[in-house]
Amino acid sequence: MPDSDRDIIVMKGIDKSFPGVHALQNVDFSLLKGEIHALVGENGAGKSTLIKVLTGVDRVDKGTIELDGKTVVVRSPLHAQELGISTVYQEVNLCPNLTVAENLLIGRQPSRFGISVDWKKLNARAREYLKELGVEIDVTRPLGSYSVAIQQMAAIARALVVSNAKVLILDEPTSSLTANETAQLFAVMKKLRANGIAVVFITHFLDQVFAVSDRVTVLRNGALVGTYETSTLDAFLLTRLMLGRSITDLDEMKAHKIESSQHIRTEALLQADELGLSNSIDPFTLTLHAGEVVGLAGLLGSGRTEVANLLFGVDRPDAGSLTMDGKPVTDFTPAGSIKRGIALCPEDRKVEGIIADLSVRENIVLAMQAGLGWFRRIGTQEQYEIADKYIKLLNISTPTADQQIKNLSGGNQQKVILARWLAANPRLLILDEPTRGIDVGTKADIQKLVLSLAEEGKACVFISSELDEVLRTSHRIVVMRDRAKVTEFSGEVDETEIMKAIAGRAS
Ligand SMILES: Nc1ncnc2c1ncn2[C@@H]1O[C@H](COP(=O)(O)OP(=O)(O)OP(=O)(O)O)[C@@H](O)[C@H]1O
Ligand SMILES: [Mg+2]
């Protein structure tokens with residue numbers, strides 16, 4: 001059929017402003033039946049906003065939306081669902097305590113004689129829906145007992161079931177999935193495509209764009225750069241389109257790393273001896289030196305975050321000992337750690353990170369202020385200077401330092417949290433997945449920044465699921481598996497050996 005018959009959604013001349021931000025400028029976007037359409041761009045480019053105006057979360061200022069050839073005004077997310085447009089957000093917003101089946105069919109349980117819930121029917125139906133997506137699990141178990149990937153699938157199944165969707169939108173669904181889980185999600189997306197459903201897929205992983213999408217739309221600074229057949233692009237071209245420039249030379253980074261390794265101090269800054277916590281992490285021994293970046297590699301759930309939490313005092317160990325500057329640590333609390341000069345940029349920033357109603361500036365100076373104690377207030381002038389420094393350094397896209405952080409795009413909120421811990425000027429910086437959700441350009445900038453911090457004499461623990469960035473930034477690599485430290489690599493390391501250690505396969 002001609003392409004115009006395949007159009008399910010046509011957005012024309014979309015304009016959307018927020019105070020101080022022209023988030024979308026005259027953007028055209030079209031979506032075909034039975035295609036997987038990637039939506040990419042730097043943090044703050046306008047991807048989520050485009051989705052929000054399409055799904056009735058935000059109203060457009062100008063422009064039109066056509067669905068199946070007819071102009072529509074999408075009044076609310078519920079209305080969008082009724083129209084057949086379903087969205088799955090990155091944070092799975094289902095109830096972990098309810099069963100999988102209940103989550104899938106909440107609000108539309110089949111009832112017996114109109115009164116009580118027919119559990120048998122409910123479970124059978126849920127099982128059927130999931131099976132259609134290629135997922136065969138016990139639907140009577142609580143959703144929370146399954147992996148994020150399965151939860152993601154349940155969210156997709158619900159989105160499809162509830163609304164009889166023609167369009168499925170996935171906003172950064174893969175950022176906390178393992179490689180296998182991502183593959184599983186892709187299989188589901190392809191299945192939906194084969195059934196004529198249009199899928200919009202937002203991601204910062206360019207390899208995923210190439211792995212699964214048919215077309216890709218690039219946004220930059222709220223404007224449309226273009227829509228392309230994915231097969232006509234490569235990673236280099238796509239990066240150029242997104243950033244309007246090429247990213248940092250990776251060879252240059254390698255040289256930087258080798259050079260900076262000369263400054264690693266020999267005496268231990270922080271020393272963990274058989275440190276452990278039952279049911280969390282097996283006892284491990286780890287030495288951190290000033291001037292050194294130590295990467296923690298491993299799959300999700302391998303125990304990387306547990307190590308970070310012990311070192312920072314989020315959790316209290318029940319085995320082994322920890323010394324800093326040769327002195328035993330007894331006060332295992334985050335406050336105690338901050339006093340000792342340790343900072344942890346946590347993985348789950350929604351829960352542990354942002355304070356939504358505070359401004360970007362207030363969020364940035366928070367840890368620094370905590371380190372000084374609340375009686376020695378940082379002056380307003382100085383707060384602005386610090387905030388502006390990090391807004392520039394991390395390329396945070398915000399109209400002013402006074403913007404409430406909740407109004408920033410996902411990736412930019414993340415950068416603010418990173419800025420908070422950098423501003424605290426710690427001696428040891430623990431970064432748990434610092435580049436998750438961050439665009440490719442800034443990602444490279446952050447990796448570079450980590451190496452410069454080491455050069456200034458700081459110690460750094462760098463946790464990431466992306467092995468190539470661990471390799472690029474770390475002088476030494478610790479591999480975690482099944483909640484235990486399995487081995488360490490230093491010097492010239494062989495990527496395959498590390499991958500084997502991570503997976504636990506014999507070499
Ligand atoms: N409710 C709001 N109030 C004020 N500004 C907003 C609001 N929502 C979005 N913005 C701004 O609009 C711009 C686009 O944000 P959007 O969330 O669409 O970016 P994005 O492309 O999804 O980025 P990311 O990759 O970081 O998720 C950003 O500058 C953001 O700060
Ligand atoms: Mg977004």
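The values are calculated or read from the model by the stated rules, or taken from the named source; none is laboratory data. No experiment lies behind these values; they were computed from the predicted model shown. All Cβ positions, even for glycine, are placed from backbone atoms using ideal geometry, and neighbour counts span all protein chains on display.
One residue is enough: does the stretch 492-503 have a residue meeting the conditions closer than 18 Å to Glu347 by Cβ, modelled with pLDDT of 90 or more and under 22 Å from the mean Cα position of the chain (by Cα)? No, the stretch 492-503 has no match at all. Scan the stretch 12-28 for residues that are of a type in the set (D, E, K, R), within 15 Å of ligand 1 (Cβ to nearest atom) and over 26 Å from the mean Cα position of the chain (by Cα) and the total you get is 1. Taking the criterion of being in a helix (DSSP H, G or I) and either surrounded by 24 or more Cβ atoms within 10 Å (Cβ to Cβ) or touching a residue at least 60 places away in the same chain (Cβ under 8 Å) (or both), the residues of the stretch 399-419 that qualify are Asn407, Gly410, Gly411, Asn412, Gln413, Gln414, Lys415, Val416, Ile417, Leu418, Ala419. What number of residues within the stretch 182-196 satisfy the criterion of being in contact with a Gly (Cβ under 7 Å, 6 or more places away or on another chain) and surrounded by 18 or more Cβ atoms within 10 Å (Cβ to Cβ)? The number of residues fulfilling the criteria is 2. Residue check: is Leu372 surrounded by fewer than 22 Cβ atoms within 10 Å (Cβ to Cβ), under 19 Å from Leu431 (Cα atoms) and either without any contact (Cβ under 8 Å) to a residue 12 or more places away in the chain or not assigned by TED's automatic domain parsing to the domain that holds Ser17 (or both)? No: the conditions fail for Leu372.
For Val293, the stated conditions do not hold, so it cannot be described as at pLDDT 95 or above, under 28 Å from Gly13 (Cβ atoms) and buried (at least 21 other Cβ atoms within 10 Å of the Cβ). When Leu422, Leu393, Leu428, Leu451 are checked against the criterion of being within 30 Å of Pro283 (Cβ to Cβ), over 17 Å from the mean Cα position of the chain (by Cα) and either away from ligand 2 (no atom under 16 Å from the Cβ) or crowded, with 24+ Cβ neighbours inside 10 Å (or both), Leu428 stands alone in meeting it. Of the candidates Gln383, Gln404, Gln414, the single residue that is within 16 Å of ligand 2 (Cβ to nearest atom) and of a type outside the set (Lys, Arg) is Gln414. Each residue in the stretch 29-57 was checked for being within 20 Å of Arg220 (Cβ to Cβ) and within 16 Å of ligand 1 (Cβ to nearest atom), and 19 pass. For the stretch 48-91, a tally of residues being in a loop (DSSP other than H, G, I, E, B) and of a type outside the set (S, T, N, Q) returns 15. Here Lys443 meets the list (1) in a helix (DSSP H, G or I); (2) within 16 Å of ligand 1 (Cβ to nearest atom); (3) buried (at least 24 other Cβ atoms within 10 Å of the Cβ) almost entirely, failing just condition (3). The condition of being closer than 26 Å to Glu259 by Cα and of a type outside the set (Val, Ile, Thr) holds for only one of Ser474, Ser409, Ser397, that being Ser474. On the stretch given as the stretch 260-276, residues that are more than 21 Å from Cys345 (Cβ to Cβ) and in contact (Cβ under 8 Å) with a residue 12 or more places away in the chain total 11. The set of residues in the stretch 271-281 being on the phi < 0 side of the Ramachandran plot, assigned to a strand (DSSP E or B) and either over 28 Å from the mean Cα position of the chain (by Cα) or surrounded by fewer than 18 Cβ atoms within 10 Å (Cβ to Cβ) (or both) consists of Gln271, Ala272, Asp273, Leu275. Here His204 meets the list (1) in a helix (DSSP H, G or I); (2) out of contact with any strand residue (DSSP E or B) (no Cβ under 7 Å at 6 or more places or on another chain) almost entirely, failing just condition (1). Criterion first (at pLDDT 90 or above, closer than 11 Å to Ala297 by Cβ, of a type in the set (Val, Ile, Thr) and in a strand (DSSP E or B)) does Val461 satisfy it? Answer is no for this residue. State whether the residues of the stretch 355-377 include one that is farther than 23 Å from Ile51 by Cβ, more than 16 Å from ligand 1 (Cβ to nearest atom) and modelled with pLDDT of 90 or more. The answer is yes, given that some residue of the stretch 355-377 is farther than 23 Å from Ile51 by Cβ, more than 16 Å from ligand 1 (Cβ to nearest atom) and modelled with pLDDT of 90 or more.
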